[in-house]
Amino acid sequence: MAIKTTLKMGNPKLYEVAKPVEKFNTPELQALIKDMLDTMAHLNGAGLAAPQIGVDLRVVIFGVEDEVPTTILINPKIDVLTKEKESEWEGCLSVPGMRGLVERPTKIRYRGFDEKGNPIDRTVSGFHARVVQHEIDHLDGILYPLRIKDLRLFGFEDVLFKGL
Ligand code: NI
């Protein structure tokens, strides 16, 4: 078990475009995924991207009990399937203690590979679609605050949701 340090907003590594994985089913890739799963579980996150622990590869993991199956997704591609967008509060392990309202398309198809190189191809909507978009953004150097349209709707969660 290895819990890694999560890079925080302000670290330039979070703004880089990550590189594709070229070899699947290697001990190095397995070790990276184990570290990511341990780190995400320890921090109670819904998702984690490799660049958030300082690894420059297109690997994300995500999962939320009863809502989003735990998934290891490598070299992902997204197709947006609707013009409909929805705004919801997001948080991020690289932006601890804060939340922001982010507009995103509600329905997507995503494709990629698991750690063994088996293809993944899913069409999803709602929260699942949002989590995947948030994680894949990390691979392109985009943190969710960059997508907030009205920065008044970005703040500390204990203040924003006080009394709710
Ligand atoms: Ni994040």
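Listed values, structure above:
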quantity	calculated
Estimated FRET transfer efficiency (R111, K13; beta-carbon r; R0 22 Å; 0.05)	0.25
On Cα atoms only, tilt of 126-139 relative to the major axis of the chain in degrees	70
Under 30 Å from K162, Cα to Cα: lysines that are on another chain or at least 8 residues apart	K8, K85, K149
For segment 83-164: rounded, prolate or oblate by the Cα gyration tensor [a/c cutoff 1.5]	prolate
Segment E157-E67, length gained on full extension (0.36 nm per residue, minus Cα span)	30.2 nm
Per-residue SASA entry for Y15, accessible area with 1.4 Å probe, Å² rounded to 10	100
The chain, Cα convex hull volume normalised per residue, Å³	118
From phi via Karplus (6.51, -1.76, 1.60), per-residue ³J(HN,Hα) for segment 55-69 in Hz, x at Gly/Pro	10, 8, 9, 7, 10, 10, 10, 7, x, 9, 3, 6, 10, 9, x
Tilt relative to the chain, helix 27-43 - C-alpha long axis, 0 to 90 degrees, to 10	30
Relative contact order (percent, whole number), the chain, Cα cutoff 8 Å, 6+ residue spacing	25
Interchain or long-range residues, amide H under 5 Å from E86's placed H	R104, T106
Segment 111-154 - percent of accessible surface contributed by carbon and sulfur, probe 1.4 Å	51
Choice from V59, V132, V124 showing the highest fluctuation, given a GNM over the chain with Cα pairs closer than 10 Å	V124
Within the chain, longest stretch free of exposed GluC sites (Glu not before Pro) [DSSP loop, at most 14 other beta carbons within 10 Å]	85-164
Computed [θ] at 222 nm, helices only, for the chain once each DSSP H run of length n ≥ 4 contributes -39500 (n - 2.57)	-6500 deg cm²/dmol
Within a Gaussian network of the chain (alpha carbon springs, distance under 10 Å), most fluctuating of K23, K77, K34	K23
FRET E, pair S87, K34, Förster distance 25 Å, beta-carbon r, rounded to 0.05	0.10
Prolate/oblate/rounded label for segment 50-131 (Cα gyration tensor, a/c 1.5)	oblate
Dipole of the chain, positive direction: furthest Cα of V21, H42, L32, with charges on the beta-carbon	V21
Surface/4 of the Cα convex hull for segment 3-43, nm²	3.6
Placed amide H near K4: partners under 5 Å, 5+ positions off or other chain	T39
Anisotropy class of segment 1-87 from Cα gyration tensor, a/c 1.5 cut	rounded
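The values are calculated or read from the model by the stated rules, or taken from the named source; none is laboratory data. This structure is a prediction, so every number in the text was calculated from the model and none was measured. In this analysis, Cβ positions are derived from the backbone assuming ideal geometry, glycine residues included, and neighbour counts consider all displayed protein chains. Calculation scope for accessible area: heavy atoms of the full protein, side chains included, ligands and nucleic acids excluded. Shrake-Rupley method; radii C 1.70, N 1.55, O 1.52, S 1.80 Å.
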